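Here's the structure we're looking at; comments come further down.
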C-alpha cells in the first residue's frame, strides 16, 4: 500500500491503543476499562473494479455475517465478498429498466434467505433473486392498503424493510408528508392490510430541521428516524434522542425504552427556525442542533449476545467544509437492551461507516487507495 485514506491511517495508528485504566477497578460500567486494537484489511477484487464513489451506505451484510454485499451504482450490480477470505466471490447483475427493474434511485438493500434481496428506494420496493429477476413487487400506494389511518398520497417506501419470513413489511411515515407525527407502518402484503402506530417520543425530532429557499437554490437538512430489524424485532431509533422503540411483530407489541445515559445528553434541545431565506441564517439555525449529540442505530454482537450503539458530537471548524471530526462515544447494552456500559473513544475522531459485528469484532468500511477495505476492531472489556 502506498498510502491509506485518512480514516484508515488513523485506525492503523491506533493499533493496540485504548483507555488506560486499572484492570482491577470494579464498575457497573462494563466499558470503563475498555481497550482495543485494530487491523485494516483490503478486499481482493481480482480483475474487477469496484466503484467506491457512494461509499458503503447502500451495502449490507448477510444474515449470518459471512458475506458482504457491496452495491455498485454505476454497474447496477452487487459484489458479493466472502468475509473469511476477503475475496469477491460473485457479482449479481440487476437492471434499471424493463420487467425486472430495480429503478433509477439508489436502493437500500436487505439480504434475505435463499440468495434473495429486498430492494427499497423512493420509487420502488420489491424482492429479487440474485440472478436479477424480480420475484415480487411490494410497491404499494397508501390507498391500496386497507386499514392505514394516514394517506401520504404516494408509495410506502420510507425506511421500508421486510420480516425474515416475508409476511410483514415495515416502513415509517414521511417527515415531508406527515410533518406533525412519526408513525411506524405495518403492512401484510399478501392481503393488502395494514396499520400504523404513533411514536410520540420521536415527534420532537421533526423540529430539528431547517430549509433554505432562495431564488436560484433550495437546501435543507434535518434529523432522522431509522428503522432496523435485529433478532426478529423492529428497533426504531432517532438521531436526536437516545430513546428507542421496540416493536415485536411476532406478538404485535410496542414498547419504549428511555436510557439512563450519564456520559452524554439524552436528546437534542433548543428551538429551531425551520424556514429561512438567507444562507448565513441557514447555517446559524443548523448549528443549533448539528453540534449536539447524535445517536446511530443499534448493532448486534452475536458472540457476546450484546447490543452496541455509537454516538457522535461534531466538532466545529472555522471552515464548514472541513467539519469531519467528532467526539465518538460507544454504548453497550445486554440482550434485553439494558444499558450496561458507555465510554468515549478518545483516539477516534471520525464516524464509523456502515459498521457491523462479526465473530465478536467490529468491522467498518474504509476506502484504501480507492480499494474496498475494512477496519476491524477487537474490543476487550
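Taken together, the values in this text are just the output of simple stated rules run on the coordinates, not laboratory data. What you see is a predicted model, and the numbers here were worked out from it, not measured in a lab. Glycine gets a Cβ as well: all are built from the backbone with ideal geometry, and neighbour counts include every protein chain shown.
Among 49-57, 160-168, how do they line up by average Cβ neighbours within 10 Å per residue, starting with the highest? List each step's numbers first, then the result.
Details: 49-57: 14.3, 160-168: 17.0.
Sorting 49-57, 160-168 by mean packing, highest first, produces 160-168, 49-57.
FRET efficiency for residue 274 and residue 313, Cβ-Cβ distance as r, R0 = 25 Å, nearest 0.05? All intermediate terms of the calculation are to be shown ahead of the outcome.
Values: r = 23 Å, r/R0 = 0.91.
After rounding to 0.05, the efficiency reads 0.65.
Listing 127, 102 from the residue with the fewest other Cβ atoms within 10 Å to the one with the most, what is the order? Mind dumping the intermediate values first?
Numbers: 127 19, 102 24.
Ascending number of Cβ neighbours within 10 Å: 127, 102.
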**OP:** At 0.36 nm per residue, minus the direct Cα-Cα distance, what do residue 82 and residue 217 gain on full extension? Give it in nm, one decimal, please.
**Re:** 44.2 nm
Original post:
Mind listing P(r) for segment 60-105? All alpha-carbon pairs, 5 Å bins, whole percents.
Top reply: 6, 22, 25, 20, 14, 9, 3, 0
Original post:
At a Förster distance of 30 Å, what's the computed FRET efficiency of residue 37 paired with residue 256, Cβ-Cβ distance as r, to 0.05?
Top reply: 0.25
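Give me the number: length gained by fully extending residue 97 to residue 66, i.e. 0.36 nm times residue separation minus the C-alpha to C-alpha distance, one decimal in nm. Don't jump to the answer; show the numbers that get you there.
Values: separation 31, 0.36 × 31 = 11.16 nm, distance 3.08 nm.
Length gained between residue 97 and residue 66: 8.1 nm.
In what sequence do 266, 112, 372 fall when counting other Cβ within 10 Å, fewest first?
On the way: 266 15, 112 20, 372 24.
With the sparsest Cβ surroundings first, the list reads 266, 112, 372.
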Original post:
How high is the relative contact order of segment 118-198, given as a whole-number percent (alpha carbon pairs under 8 Å, six or more residues apart)?
Top reply: 23
Original post:
What does the highest-first list of 116-122, 273-279 look like by mean Cβ count within 10 Å?
Top reply: 116-122, 273-279
**OP:** Compute from the Cα atoms of segment 118-198 the Rg and the Dmax, the latter being the longest Cα-Cα distance, and quote both in angstrom.
**Re:** 12.3, 42
Subject >> Average Cα contact separation per residue, the chain, under 8 Å, 6 or more apart, as relative contact order % >> reply: 15
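Set the Förster radius R0 to 51 Å, insert the Cβ-Cβ distance between residue 197 and residue 47 as r into 1/(1 + (r/R0)^6), and round the FRET efficiency to 0.05. All intermediate terms of the calculation are to be shown ahead of the outcome.
On the way: r = 49 Å, r/R0 = 0.97.
About 0.55, to the nearest 0.05.
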Subject >> Candidates 97, 353, 321: whichever shows maximal mean-square fluctuation once the chain is modelled as a Gaussian network with Cα springs under 10 Å >> reply: 321
Original post:
For the chain, what is the largest minus smallest coordinate of the Cα atoms on each principal axis, given in angstrom and ordered from greatest to least?
Top reply: 60, 53, 50
Original post:
Say each of residue 320 and residue 349 gets a label point 7 Å from the Cα, pointing the same way as Cα to Cβ; how far apart are those two points in nm?
Top reply: 2.2
